[in-house]
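A.B. asks: The structure is given below, and queries will be raised subsequently.
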Amino acid sequence: MSSASSTSSTEQTSRPARLAAAAGVTLVEALGLLAGGVYMLVRTLLDGGSGGGDVTTGVTGGVTVIALGLIPLAAARGLWTKRSWSRGPAVITQILALPVAWQMLQTDGVIPYGIALAALAVAGLVLLVNPATTEALGIRRPGQGA
């Protein structure tokens with residue numbers, strides 16, 4: 001048992017702060033998507049189409065956003081557990097968040113959320129391409145030997 005606990009503590013200490021922060025940023029974005037999808041779904045179901053929207057479209061949109069939230073959720077877990085595959089979906093999440101943030105910056109009432117999302121996405125990208133993160137995930141840089 002002591003070897004399992006020492007392995008666990010070794011994993012904890014060998015995770016660079018930048019990798020942990022990247023996992024945290026990706027987790028926040030995942031939770032935002034999941035919350036947004038649940039909100040869309042519940043609002044659609046409670047309105048029952050009386051809000052002028054189509055129930056099918058609202059349910060489909062809510063379920064889609066929830067499903068999309070599972071991708072960065074899996075990526076955040078992968079980053080936390082130092083899985084090299086997780087960097088790709090995490091980077092894609094950050095890149096896709098930038099145009100969403102831009103649209104939010106164009107809409108009154110959600111500008112602060114747009115600023116927060118843009119800051120998260122830029123910070124996430126910086127953290128994910130950092131050499132310490134890349135090395136911790138076991139990803140070789142171009143020109144780096146096998």
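A.B. asks: On a full-extension model of 0.36 nm per residue, what is the gain between VAL55 and THR107, subtracting their alpha-carbon distance, rounded to one decimal in nm? Don't skip to the answer; put the middle values down first.
C.D. replies: Values: separation 52, 0.36 × 52 = 18.72 nm, distance 2.46 nm.
In short, 16.3 nm is gained.
A.B. asks: Now for a different question. Where in the chain lies the longest segment free of trypsin sites (Lys or Arg not before Pro) that are both loop residues by DSSP (not H, G, I, E, B) and have at most 14 other Cβ atoms within 10 Å?
C.D. replies: Working: sites that count: ARG83, ARG140.
Of all site-free stretches, the longest is 1-82.
A.B. asks: I've got another one for you. With every protein chain present, what is the per residue accessible area of the chain (1.4 Å probe, Å²)? Display every interim value, and only then the final one.
C.D. replies: Values: 8830 Å² over 146 residues.
Value for the chain: 60 Å² per residue.
A.B. asks: While we're here: Determine, from the Cβ-Cβ distance of LEU31 and LEU98 and an R0 of 25 Å, the FRET efficiency 1/(1 + (r/R0)^6), rounded to the nearest 0.05. Don't skip to the end; give the middle numbers.
C.D. replies: Numbers: r = 19 Å, r/R0 = 0.74.
So, using R0 = 25 Å, E works out to roughly 0.85.
A.B. asks: Summarise the accessible area of the chain (1.4 Å probe, protein heavy atoms) by the percent that is carbon and sulfur.
C.D. replies: Details: 5910 of 8830 Å².
The computed percentage sits at 67.
A.B. asks: Please report Rg over Rh for segment 15-129, where both radii come from the alpha carbon positions and Rh follows the Kirkwood definition. Mind showing how you got there, number by number?
C.D. replies: Details: Rg = 15.5 Å, Rh = 14.8 Å.
Computed over Cα atoms, the ratio is 1.05.
A.B. asks: Could you state the angle between the C-alpha long axis of helix 111-129 and the longest principal axis of the C-alpha atoms of the chain, as a value from 0 to 90 degrees rounded to the nearest 10?
C.D. replies: Result, in degrees: 20.
A.B. asks: Here is a further query. Need one number: nm distance between label points at ILE139 and ALA116, each 7 Å from Cα along Cα→Cβ, rounded to one decimal.
C.D. replies: A separation of 2.7 nm, rounded to one decimal place.
A.B. asks: Next up: For helix 17-47, what angle does its Cα long axis make with the longest principal axis of the chain, in degrees from 0 to 90 and rounded to 10?
C.D. replies: Between helix and principal axis, roughly 20 degrees.
A.B. asks: In a shell of Cβ-Cβ distance under 9 Å around LEU128, excluding LEU128 itself, what net charge do Lys and Arg (+1) and Asp and Glu (-1) give?
C.D. replies: Details: positive: ARG18, ARG87; negative: none.
Residues near LEU128 contribute +2 overall.
A.B. asks: From the helices alone, meaning DSSP H stretches of at least four residues, give me the mean residue ellipticity at 222 nm for the chain, per-run term -39500 (n - 2.57), in deg cm²/dmol to the nearest 500. Could you put the intermediate results ahead of the total?
C.D. replies: Working: 6 runs with 114 residues, N = 146.
Result for the chain: -26500 deg cm²/dmol, rounded to the nearest 500.
The values are calculated or read from the model by the stated rules, or taken from the named source; none is laboratory data. Bear in mind the structure is a predicted one, so any value in this text is a computation, not a measurement. As a convention, Cβ positions derive from the backbone with ideal geometry for all residues, glycine included, and neighbour counts pool all protein chains shown. Surface areas here come from the heavy atoms of the whole protein model, side chains and all, with no ligands, DNA or RNA. Shrake-Rupley method; radii C 1.70, N 1.55, O 1.52, S 1.80 Å.
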